[in-house]
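Derivation of every value follows stated rules applied to the coordinates shown; laboratory data play no part. A quick note: this is a predicted structure, and the numbers were derived from the prediction, not measured. Positions of Cβ are generated from backbone atoms using ideal geometry, with glycine treated the same way; all protein chains shown enter the neighbour counts.
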Amino acid sequence: MGVGLACGNKATVDDEDDDAETPGNLKTVKLVKTLGLGQKGKSFNPEKKTRGIMRHGYFGKHQVKCHEDHVMPAKVTREILHYLRCSDPASSGCQQCESDLDASDTFYRCAECDINLCVNCSREQLGLLVKDDALGTPVEVLAGDILFCDPGILHIHHVILATSSLERDFEMDKYLQVPPGAEVWSCSTVESTAQVTGDTTNFYQAKCYFARDPHERTLHIVGDSPSYDTNSVQVSETPIPVKVMLSTARREYGGIEVDPRLFQEAADIAAEASQFWSIKTALKAGYFYQELLEQSKYPTRQDRAKLWIELQKAWDRPPICASVPIKVWQQYFKETSSDSDEAVQKSLTYMPFIADHATPAALVKGLSASGWIMLDSFLLSRSRRMFQSAQN
């Protein structure tokens with residue numbers, strides 16, 4: 001079933017021609033069961049109140065710590081292992097608010113003290129930005145930030161890399177027919193899946209659409225437009241909840257500040273050389289469950305030169321979804337550094353992984369421990385309100 005738009009904001013349904021084109025600059029909207037599978041959906045209900053986008057504050061630290069001052073890395077359910085464990089680290093719930101935690105939740109954990117904190121309770125320790133510094137706007141997603149789609153039946157998160165900033169997309173309000181009061185936002189993305197590829201590349205590049213409901217204060221992916229067919233929009237029958245990790249490369253965090261144009265170029269280069277998603281790599285990454293590459297283990301230029309060769313070899317091996325942000329970030333450092341030693345040192349600082357050795361859960365744990373900020377609620381934090389009160 002294809003959904004085309006006639007004049008103004010009126011939508012029409014065309015059951016006879018799935019490939020019917022819309023006139024002028026209007027887009028063709030295709031309904032799918034879920035993004036990435038290409039299966040047609042049964043129906044599209046624009047009145048669903050399950051769509052929204054996220055808000056948050058910015059004032060605070062970039063690491064969550066327990067009462068013993070141990071760094072608490074973020075955690076999501078580890079792939080497959082969820083079914084093999086006798087006990088689940090999340091089963092004890094949040095130590096502060098005593099809320100329950102399940103396999104779909106993100107939380108911060110100190111294994112040494114056996115303490116969990118839900119994301120809401122950990123926000124006071126996190127330093128977060130609000131887009132355009134306004135209360136009513138969503139999280140400031142920038143090029144290089146990482147999206148984690150909620151896990152499926154195997155409790156495996158899907159990783160998507162943002163290659164541009166999150167922007168309000170007024171045009172798509174009418175095409176996606178979001179409920180009154182809801183908004184559509186979008187950013188460019190790149191990913192690797194077993195179900196869908198680009199037109200000429202194995203990586204799938206698209207503009208990803210998010211819907212925001214200010215009352216629900218949540219974010220869902222609702223559709224995307226492939227980069228090779230910008231007049232076509234795929235709409236997911238069921239909105240997809242999403243988490244995001246904010247990189248420490250931001251200028252306000254003392255980082256290098258990513259150039260979005262050059263980052264997109266790095267993503268294009270990585271896509272051109274990409275291979276198809278590999279179950280073998282997925283099994284290998286699950287076996288290795290790679291921890292962070294530690295800078296202290298590469299003290300000399302010669303040590304780092306050997307590592308750089310190893311990192312680049314991994315780029316050429318078949319990927320999984322978690323491989324994409326690693327490859328693109330490291331490709332970006334290669335393109336923007338004066339020499340290979342500078343590139344590998346930046347990789348050790350901002351993306352210290354081997355591309356075909358890391359799972360989504362390993363990315364969450366390792367990057368959050370090194371300062372990346374993991375969010376899933378996107379509510380305005382108490383620290384932000386406290387900061388504003390102090391300013392007033």
Could you size up the charge dipole of the stretch 276-373 around its Cα centre, putting +1 on the beta carbon of Lys and Arg and -1 on that of Asp and Glu, and report it in debye to the nearest 20? 220
Please arrange Y204, Y289 by counting, for each residue, the other beta carbons lying within 10 Å of its beta carbon, fewest first. Y289, Y204
Around A271, what is the net charge, scoring Lys/Arg as +1 and Asp/Glu as -1 over all other residues with Cβ under 12 Å from its Cβ? -4
In Å and from the alpha-carbon atoms only, list the Rg and Dmax of the stretch 276-373. 12.7, 36
Which Cα, out of V344, V364, L307, lies furthest along the positive dipole direction of the stretch 276-373 (beta carbon charges, K/R +1, D/E -1)? V364
Could you give the distance between the Cα centres of the stretch 191-244 and the stretch 169-190, to the whole Å? 11
Exposure proxy check: S164, S99, S188 ranked by fewest other beta carbons within 10 Å? S99, S164, S188
For a 25 Å ceiling on Cα separation, which of these pairs sit above it: K174/K207; K65/K334; K280/K346; K243/K306; K313/K346? K65/K334; K280/K346; K243/K306
